[in-house]
Every structure is written in structure tokens, then in C-alpha cells.
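Working notes for the structure below.
Where a number appears in this text, it was derived from the coordinates with a stated rule and is not lab data. These figures come from a predicted structure and were not determined experimentally. Here the Cβ positions follow ideal geometry from the backbone for every residue, glycine too, while neighbour counts run over all protein chains shown.
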Amino acid sequence: MPGETAGREGETDVNQSGGRRLLRGARVWDGTGRPPIFRGAVLIEDGRIRGIGPVADFEGLTDVAIDDFPGATILPGLVDAHTHLVGFGDGRPGDALPDVTPELLLLQAARNVRAHLHSGVTTLRDLGTPGRISFQLREAARQGICESPRLILCGRPITITGGHLWYFGQEADGVEGVRQAVRQVVKEGADVIKIIATGGSTRTSYPYRAAYTPAEMQAAVDEAHRFGKPTAAHCVSIEGMTNALDAGVETIIHGVFKEPDGTDRFDEKVAGRIASAGAWVDYTVAQGAIRLRTLEAKAASNPDIPLSAAETDEMEVLVAYRAVREDHYRRLRSLGARFVCGSDSSWMWYPMGHFAEEIIESGVWGLPALDALRGGTSYSAQVLGVASETGSLVPGLRADILVVGGDPLHDLTALRNVQAVYANGSRVTGAGTGPAIDHADDESPHR
């Protein structure tokens, strides 16, 4: 199956532990939408889930190790539908990444996947790295050289000459050029094809204009589907989303409603098409929120030293844009659009290791806690094509498990309180001890 970095059939699984282990907690939430099991337990054997139910159901078991988590919730390991493994999360733009050697980017990618794993992410989808770095990282994880979540990879995104993310190395123009580019990344091991449908933050791109023609977009999707690969399209304009929907793209990334001149305009017809087509929307809600909170915390920490003029202007832009995006998000939801949680870390100011913020921020924007949690577990696993292996606590699936203090079904911020992570049934050493982002005065309705 795609992305099996933690072991393939017939091969030694470097992360998998034998024997039986019983995890017991104040509650178990299985990720399927069913109510939590209070005083629940999960039985693990040979890296897979063998049973789930009330603690009383497992009384009398012999030859089993027990991990007790009083007051904690046991839930599926998180599944992040959108990452960029080679970024630094320190504000540097993507255009600066070509200045970093491939060797250093590979090391940074290894650090990033470790941070994600330790924060509770047991599966992730990377949607753009340069060269063959992501494939090399997956092979390193398979060989046990580094620890990593399960990796679902696109390799290099398909983009027009000079388009957004062109520096990752897969520029392609014309119907035949696009088909060849898809074939190339499939040859290298891509699990999903990412198509850059509009411009973006790349300096040489035109952010709010469609990048590919409808014919080119259709060719990319058709070629991907011919190989059984799903597609995801970067869309920061109405025209780009229209082309993506016409072509049959499965995941709309960002879902920004803008005209070519940058004017914000919610297009109810396009929004309705997103909902009726059943396309998933990765709205990337936390990217701006994390930067805004950082600036707010800086201003509050020392009132005698004001923010710079540039920082003040940036805050004003972030606040205004957040209001527009949140309004569009709620209107999309009201039309029945389906949302999946993808962080877009480590892009710009969003460091990896904090995927929970995407789920938490979804709650701030009105998504019910149950839907937000499923957006970062079972729904995301479905989008990534790995729901038969992970994303929920169901007997027979991989024992990818997160344990957090508190109850995230009532307070999504409990996801920050990581107590333990299990990948393929093996407890991740050191998980739960990573750094935290300062989040004073959060607005989450699920606190």
C-alpha cells in the first residue's frame, strides 16, 4: 500500500513490537464517530489493534503488558493531509529554499518528521519537496535510519514554467509535457499527484490567476488516475478551483475565493460545486493564526517596546484576511463542503510538530469538535487512501495511537497535552516532551 515507511509485507518492520500490550485510559475514542468508551482499553498485538472496549472486557488477560493513563484519552494517531517536509517554519519564504543545499534539506526533513511523530502524527502526506528528497527520506525510514510517521508523498508538484514551487524541479507545459511530468513522479514513487492550479507565494508566479489551462489540468488528472493516483490541487483563486473541479481533482488545497486582481469574492456557485462533487477541502486554517498569535504574544510580552511598523501592518493584514477566510469557511460548511485537516507546515511561520493547531483552529472557526478530530484522523486517512490501515481504532488496523491528557472531544486544546504515541504498536521514545507554542487566550469554543 502507499507510504508504508513503517514496514511492508514480508519485510522486517523496524518500528513494530511483538507481544501483547493493553492501553487503559479514562476514555477511548475510536475515530469512527461513535461515542467514546469511558474507562476504555485498547489491546495491541504484533503491531495491530486486536481489541477495543471497556476495561472490564479485558479483565483476566494473562501475558500482557499494561500501560495505564489515568485521566487521559486514547485516540487514533493523527493524520496530517498537507505538509512540506523541507521547510524551517521560521518565516523564510519558499523562494529561499533553493539557497539551502539538498543535503541540509534532507537533514531538516528528518528533523521535521521526527517532530511530527513526537507530537502524535503517525501518518502524513507531503505535498511538495525538491528533487528526490522525500523519497530518500522514506527509504531511510524504511531502513530504520531515522524515525518517521508513515509517509504519503507527491515528490515534486507539477507546475508551469515559473509557476508556484517551480524551484522544486517539476516544471511542465502543454498537454504532453504535463502527462510526461506525471509519469516521471509516478516512476519515482509518488503516491499522489499535486497540481499547482494557480500562482502562489513564489515570486515569479501570478498568485490569483489560473496557472494551467483547462486542457492541461484535465491531462494531469487523467494521467494520474490512469495510474490509480489521487490528485490534490493548490488553488488560491476562483478560476483555479473551477478548473480543478472540471478536471475531477479530489482535494482542493487552500480553497481561496479570489478574483484575478486579488479581490475577495465568495462564489456560491463554485462553493456549491465543491460540495456536490464531494471534493475534500484542505483549508489550511492555522497558518495565519500561528503567525498572528506570535505577533500578539510579542506585543503583550513587553508593552514598553512596540512592534515595528512592518509587524503592525502585518498584524492588520492578518486580522482582516482572517475575517474574510473565516466567513468563507463558514459559508462553505453551510453548503455541505467536506473538510480535511492539513497543516501546510513547515511553510513560512508554521513549524512541524504542531499539527494539532490545525484541528484546534478548525474548532475556533466553527467546526464541531467531532468533525475536527475526524478531519485529522479518519477523514484524513480516507483522503490519503490509507483508511484500511490507519486513522481509526478498529481491530485489524495498525496500532497507530495517540494518548492525550484531558478530553479533546470537549476541549480540542487537550491535543497539546501529549502523553504517549504508538506507531505500529511500538511506543515512541520521548514523545510528549517536545516544545510548545505559547497560546495564551485561545478562542476555542471547545476549551
query: Between F227 and L370, how many nm apart are label points set 7 Å from Cα along the C-beta direction?
result: 3.9
task: Using a 10 Å cut-off on Cβ atoms, rank the peptides 372-378, 237-243, 63-69 from the highest mean neighbour count down.
output: 372-378, 237-243, 63-69
task: Quote to one decimal, in nm, the extra length available between A275 and A96 on full extension: 0.36 nm per residue of separation minus the C-alpha distance between them.
output: 60.8 nm
Under the span-like rule (Cα at least 27 Å along the axis, Kyte-Doolittle mean at least 1.6), DSSP H helices of the chain: none
statement: Checked against the positive end of the charge dipole of the range 45-126 (+1 on Cβ of Lys and Arg, -1 on Cβ of Asp and Glu, about the Cα centre), the farthest of P93, V79, I52 is P93
field: Rounded to the nearest 20 debye, dipole of the range 138-275 from Cβ charges on Lys, Arg, Asp, Glu
entry: 380
task: Give the distance, in whole Å, between the Cα centre of the range 224-260 and the Cα centre of the range 173-192.
output: 16
Highest-first arrangement of 126-136, 319-329, where packing means the average Cβ count within 10 Å: 126-136, 319-329
query: For K187, which lysines qualify as cross-link partners when the Cα separation must be under 28 Å and same-chain residues fewer than eight apart are set aside?
result: K229
statement: Expressed in angstrom and rounded, the centroid-to-centroid distance over alpha carbons for the range 109-154 and the range 24-67 is 28
message: Testing the spin-label approximation: label points 7 Å from Cα along Cα→Cβ at T294 and R322. State their distance in nm.
response: 1.4
message: From the convex hull of the Cα coordinates of the chain, what is the mean projected area in square nanometres?
response: 20.6
task: Considering only DSSP beta bridges where both residues belong to the range 78-374, give the percentage that are antiparallel (nearest 5).
output: 10
- prompt: What lysines could a cross-link reach from K258, if we take a straight Cα to Cα line under 16 Å and drop same-chain neighbours fewer than 8 places away?
  reply: K269
Net charge dipole size for the range 78-374 [Lys, Arg +1 and Asp, Glu -1 on Cβ; Debye, nearest 20]: 800
task: Any chance you could run the full-extension gain for V55 through E314? It's 0.36 nm times the residue separation minus the Cα-Cα distance, nm to one decimal.
output: 88.1 nm
statement: Descending packing, highest mean Cβ count within 10 Å first, for 116-124, 140-148, 361-369 is 116-124, 361-369, 140-148
field: T263-R34 FRET efficiency (beta carbon distance; Förster radius 45 Å; 0.05 resolution)
entry: 0.55
